[in-house]
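First the structure, in the form of structure tokens, and then the observations on it.
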Amino acid sequence: MKVLQVLAGAQEGGAETAFVDTCLALAKTGLLIEAVIRPHEARRARLSAAGIKVHVLPFGGTLDLWTPYRMRSIIHDFQPVIVQTWMSRASDKTPAWSSSLRAPRYALLARLGGYYNLKYYRHTDYFLANTPDIRQYLLDKGIPPEKVRHINNFADFDDGPGVVSRSDFDTPEDAPLLLALGRLHVNKAFDVLIKAVAQVPDAYLWIAGEGPERGALESLISSLKLRKRVKLLGWRDDRGPLFRTADICVFPSRFEAFGNVFAQAWAQKIPLITTDSTGPKQFVRDREDALLTPIDDVGAMAACIRRFIDDREFAQALAARGYQRFKEEFSREKTVQAYLDYYSCIEQHLSGGSLRAEQA
């Protein structure tokens, strides 16, 4: 089966990382995958190294007529069975099938990782939601149940062996080390985490990510006199080594539709603290597989950090249960199989078969 994957994403971000991880995993199953992306050399290189043909288009605004024109040519040449779009702009710029394309009938499948405005999905045939709540959002908007399916992101990845040297960031070997990952954006609430670390004087914090809040976070770190203990690492492509180096993962977001980091922490067997933002609270079980705090509650977050530092046995017990959750719900094997099942179902429907609804 031929599947065209289309992303018009940001330079960095969770959805963009999930796009690459998913394309690479699907290509290993024997599917014929091609990708269409915005200019991004590292992303293009990773996909190309796996044997995936990559097309680079601008995905500009309203006046960008080149992208939809080229999309038609790419579809005509590749002749996919499924064109899967990621987020709104890719969906808006991808043409629906018509006989003028001189290509066999294909299905437009939109993968939603948020509560997007459906005006950009007017040509979409099928939907994929990465949380139960997003699936319900689509059903509430009138999408037929048989045309939307929930499939979790998978949380395992292969991005290098070993650990990161603590000395590279002036971090003592015996200090409790916290790790946070994500775009430096107000939604990620790294400001709350930094304030919490100020209340835990023996803890060090590494934040891996880049974004518009860097200046504000640097100012906060300076004002709280935390330059010695809080390090902004920039965007990193070595998630595994970072997780293996740290003692605790903290995911402090104000809003996450899904939030890959909580599941990645489970996959890496590291104790997890997260907030009751929309995504994590659909999955995390407080004091069973992680500690869950209210959004924007500096004191509660500091108390959770303190508890994990003081009770390593408790922390590791939660990490072990989180790893079990990962194996049962967020493994690459289970997610990829769910994708293949859905693709097969769509292909059969295109051929005149019936389309079954997902069980809620």
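Computed from the coordinates by the stated procedures, all read-outs in this text should not be read as laboratory data. Keep in mind that this is a model prediction, so the values were computed, not measured. In this analysis, Cβ positions are derived from the backbone assuming ideal geometry, glycine residues included, and neighbour counts consider all displayed protein chains.
Could you tell me which chymotrypsin sites (Phe, Trp or Tyr not before Pro) in the range 1-70 are loop residues by DSSP with no more than 14 other beta carbons within 10 angstrom of their beta carbon? Provide the component values of the computation, followed by the final result.
Values: sites: F19, F59, W66, Y69; in loops: F59.
Filter output for the range 1-70: empty list.
In the structure shown, do any of K195/K231; K195/K228; K2/K28; K141/K334; K269/K334; K147/K188 have a Cα-Cα gap over 20 Å, and if so which? Walk me through the numbers on the way to the answer.
Details: K195/K231 14 Å; K195/K228 14 Å; K2/K28 13 Å; K141/K334 28 Å; K269/K334 18 Å; K147/K188 32 Å.
As for pairs spanning more than 20 Å Cα to Cα, those are K141/K334; K147/K188.
What whole-number value in cubic angstrom gives the convex hull volume per residue for the C-alpha atoms of the chain?
Values: hull volume 48.2 nm³, N = 360.
Once divided by residue count, the hull of the chain is 134 Å³.
In nm, to one decimal, how far is the modelled label at S223 from the one at D133, with both set 7 Å along Cα→Cβ?
Placing both labels 7 Å beyond Cα along the Cβ direction yields 2.9 nm.
Among H123, H76, which comes first, second and so on when ranked by fewest other beta-carbon atoms within 10 Å? Before the final figure, lay out the partial values.
Numbers: H123 15, H76 12.
Fewest to most other Cβ atoms nearby, the residues stand as H76, H123.
Apply the a/c threshold of 1.5 to the C-alpha gyration tensor of the range 228-329 and tell me whether it is rounded, prolate or oblate. List each step's numbers first, then the result.
Numbers: a/c = 1.10, a/b = 1.05, b/c = 1.05.
Cα axes put the range 228-329 in the rounded bin.
Provide the gained length on full extension for the span E313 to S344, in nm with one decimal, where the gain is 0.36 nm per separating residue minus the Cα-Cα distance. Walk me through the intermediate numbers first.
Working: separation 31, 0.36 × 31 = 11.16 nm, distance 4.49 nm.
6.7 nm is the gain from fully extending E313 to S344.
Find out how many positive minus negative residues lie around A8, taking Lys and Arg as positive, Asp and Glu as negative, among other residues whose Cβ is under 15 Å from that of A8.
Net local charge, A8 excluded: +3.
Please list, ordered by chain and number, the residues whose modelled amide H lies under 5 Å from the amide H of L205; skip anything fewer than 5 residues away on the same chain.
L178, V230, K231
With springs only between Cα atoms under 10 Å apart, run a GNM on the chain and tell me which of E146, E329, E12 wobbles the most.
E146
Based on the mean of other beta carbon atoms within 10 Å per residue, what is the order of 293-300, 264-271, most packed first?
Working: 293-300: 16.4, 264-271: 24.2.
By packing density, highest mean first, the sequence is 264-271, 293-300.
Could you work out the relative contact order of the chain, using alpha carbon pairs under 8 angstrom and six or more residues apart, expressed as a whole percent? Could you put the intermediate results ahead of the total?
Working: 657 pairs, mean separation 52.8, N = 360.
Taking the mean separation of contacting Cα pairs over the length of the chain, I get 15 percent.
Could you work out how much longer the chain between Q324 and W66 gets when fully extended? Use 0.36 nm per residue separation minus the Cα distance between them, nm to one decimal. It would help to have the intermediate numbers written out before the result.
Numbers: separation 258, 0.36 × 258 = 92.88 nm, distance 4.72 nm.
Gain in length upon complete extension: 88.2 nm.
Tell me, what are the semi-axes, in whole angstrom and largest first, of the equivalent ellipsoid of the range 164-301 as set by the roots of 5 times the Cα gyration tensor eigenvalues? Before the final figure, lay out each step's value.
Numbers: eigenvalues 87, 58, 42 Å².
Taking √(5λ) for each Cα gyration eigenvalue gives 21, 17, 14 Å.
Tally Lys/Arg at +1 and Asp/Glu at -1 over every other residue whose Cβ is under 11 Å from the Cβ of L292; what's the total?
Working: positive: K281, R285, R287; negative: D276, D286, E288, D289, D297.
Around L292, the surrounding residues sum to -2.
Among 303-310, 113-120, 159-166, 249-256, how do they line up from the highest to the lowest mean number of other beta-carbon atoms within 10 Å? Present the calculation step by step, with values, prior to reporting the outcome.
Working: 303-310: 18.6, 113-120: 15.9, 159-166: 14.0, 249-256: 23.9.
Per-residue mean Cβ counts within 10 Å order the peptides as 249-256, 303-310, 113-120, 159-166.
Add -39500 (n - 2.57) for each DSSP H run of 4 or more in the chain, then divide by its residues: what number comes out at 222 nm, to the nearest 500 deg cm²/dmol?
Working: 12 runs with 135 residues, N = 360.
Calculated at 222 nm, the ellipticity per residue is -11500 deg cm²/dmol.
Which of the peptides 339-345, 241-247 is most tightly packed, and how do the rest follow, going by the mean number of other Cβ atoms within 10 Å of each residue? The partial results should precede the final answer.
Numbers: 339-345: 17.1, 241-247: 20.6.
With the highest mean Cβ count within 10 Å placed first, the list reads 241-247, 339-345.
Count charges around K281 for me, please; just the other residues with Cβ under 12 Å from its Cβ, Lys/Arg as +1, Asp/Glu as -1.
On the way: positive: R285; negative: D133, E256, D276, D286.
Local charge sum for K281: -3.
Using a Gaussian network model of the chain whose springs link C-alpha atoms within less than 10 Å, name the residue from D191, D133, D158 with the highest mean-square fluctuation.
In the Gaussian network model the winner is D158.
HN-Hα J couplings of the range 35-45 from phi, Karplus 6.51/-1.76/1.60, θ = phi - 60°, integer Hz, Gly and Pro as x?
10, 10, 9, 6, x, 6, 4, 5, 5, 4, 5
When the Karplus curve 6.51 cos²θ - 1.76 cosθ + 1.60 is applied with θ = phi - 60°, which whole-Hz ³J(HN,Hα) does each residue of the range 270-280 get, with x for Gly and Pro?
Coupling constants for the range 270-280: 10, x, 10, 10, 9, 9, 8, 6, 3, x, x Hz.
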